[in-house]
Amino acid sequence: MMGKATYLDHNATAPVRREAADAVCDILRLCGNPSSVHGAGRRAHGWLETARERVAALVGRPPSHVIFTSGGTEANALALKGSGRSRVFVSAIEHPSVLNAVDHAELIPVDADGIVDLDWLDMALEECGREALVSVMAANNETGVLQPMGKVAEVVRRHGALLHSDVVQLAGKAPLDKLSAQTHMMSLSAHKLGGPQGVGAVIADELDVALTPLIKGGGQERGKRAGTENLPGIAGFGVAAELAGSDLEDAERLTVLRDGLENRIAQIASTTVFAAQDRPRLSNTSCFAVPGLKAETLVMALDLAGIMVSAGSACSSGKVKASHVLKSQGWPDDLASGAIRVSLGRTTTEADIEKFMDAWTEVYFRLAPENKPEGAAA
Ligand code: PLP
């Protein structure tokens, strides 16, 4: 009989931390609009500002740089659209919320591991640097690959362009202070770091960039995002950000678990192709494909065996398409549509990895019986 299901899809959404859930519930039970001037309003305003301080501390910026939004998607839209730049360059492996934020985005090509082509960017910015915004994600959600953000910043600043980075997947997994100093704007999402879904933030200094709001109305969020703030969500985000900032050392433990898992997968099927395996990448992420096997089939078979992982990007509509990330890196269509992503997190244990390996071994040999070693049990 199948035991408790094993969740290995932390890049899609991470389990909400108990303390963050408590903060959401506490605020929900209280009444107060942060814009009201009476006592209840002032209390609500205090909770809002406490959360702002906590998120600001995670990224090493003053609280005045934090603009709360409805999530990472809106944060990316506000940064890219709101900047009003006539030329917008985005890496080819960005999340769809960056790729589709403006109609005129131009794609920065990437190499076989998904690293941006800095020479291409340097040339592209030659003519138009001062009118340009460049958006390069710090860590990719599908493969976990990390961009050389210091070098990206150096090129972008040399040409007088603005630099935005989607740090949704990096936040809570690595320190952000250095990156924060190198970029003009960053996007965050609470639910990737143990906070609730439906809340995020743009980090931007008004002195660097005059953002035009996407949603106009009242003067909330320094006039950059109208509408009564999602105070319960924001409070949960604040608590999760504070706890995530103190939990970074988990990366080493996750690297050991992830590398062990990849070694065992490669032993079972030597043809397995791993994305960006030899490049710096998030310690929790493994993205791989076995030629001839379809991601959809694998994800469903693993789900039936009690293991939850993703095919390509889980942020899309639930349909499995060949990953645009892997295709940009030169993976052929059939290999890219076979890729699955296993993403570990704070709650992942060695026992979870064992359960994954048991399920994977069974599913793989069922789908590719011709590869089963002779004499192995049926
Ligand atoms: N950016 C990246 C890299 C993501 O992985 C995601 C979600 O998967 C988003 C942006 C969108 O964030 P949200 O779900 O908060 O809209």
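The values are calculated or read from the model by the stated rules, or taken from the named source; none is laboratory data. Remember, predicted model here, so these are calculated numbers, not experimental data. Backbone-built Cβ (ideal geometry, glycine too); neighbour counts: all protein chains shown.
Filtered by the rule that a residue be surrounded by 21 or more Cβ atoms within 10 Å (Cβ to Cβ), of a type outside the set (A, V, I, L, M, F, W, C) and within 12 Å of the ligand (Cβ to nearest atom), region 74-96 gives Glu74, Asn76, Ser91, Glu94, His95. So, in region 6-21, of the ones that are touching a helix residue (DSSP H, G or I) at 6+ places or on another chain (Cβ under 8 Å) and more than 16 Å from the ligand (Cβ to nearest atom), which residue ends up nearest to Gly144 (Cα to Cα)? Within region 6-21, the match that is nearest to Gly144 (Cα to Cα) is Thr6.
Please pick out the residue among Val110, Val55, Val134, Val37 that is touching a Leu at 6+ places or on another chain (Cβ under 6 Å) and away from the ligand (no atom under 12 Å from the Cβ). First the steps, then the outcome.
Numbers: Val110 fails: touching a Leu at 6+ places or on another chain (Cβ under 6 Å); Val55 fails: touching a Leu at 6+ places or on another chain (Cβ under 6 Å); Val37 fails: touching a Leu at 6+ places or on another chain (Cβ under 6 Å).
None of the others qualify; the one that does is Val134.
Count of region 97-106 residues, restricted to those that are within 14 Å of the ligand (Cβ to nearest atom) and either within 22 Å of Asp205 (Cα to Cα) or modelled with pLDDT under 95 (or both), is 3. Is region 212-225 home to any residue that is within 21 Å of Asp9 (Cβ to Cβ), in contact (Cβ under 8 Å) with a residue 40 or more places away in the chain and not β-branched (Val, Ile, Thr)? Taking every residue of region 212-225 in turn, none turns out to be within 21 Å of Asp9 (Cβ to Cβ), in contact (Cβ under 8 Å) with a residue 40 or more places away in the chain and not β-branched (Val, Ile, Thr).
Can you find a residue in region 189-197 that is away from the ligand (no atom under 12 Å from the Cβ), at positive phi and not β-branched (Val, Ile, Thr)?
Yes, that holds for at least one residue.
For the condition modelled with pLDDT of 95 or more and out of contact with any Pro (no Cβ under 7 Å at 6 or more places or on another chain), what is the one hit in Ala314, Ala301?
The conditions single out Ala301.
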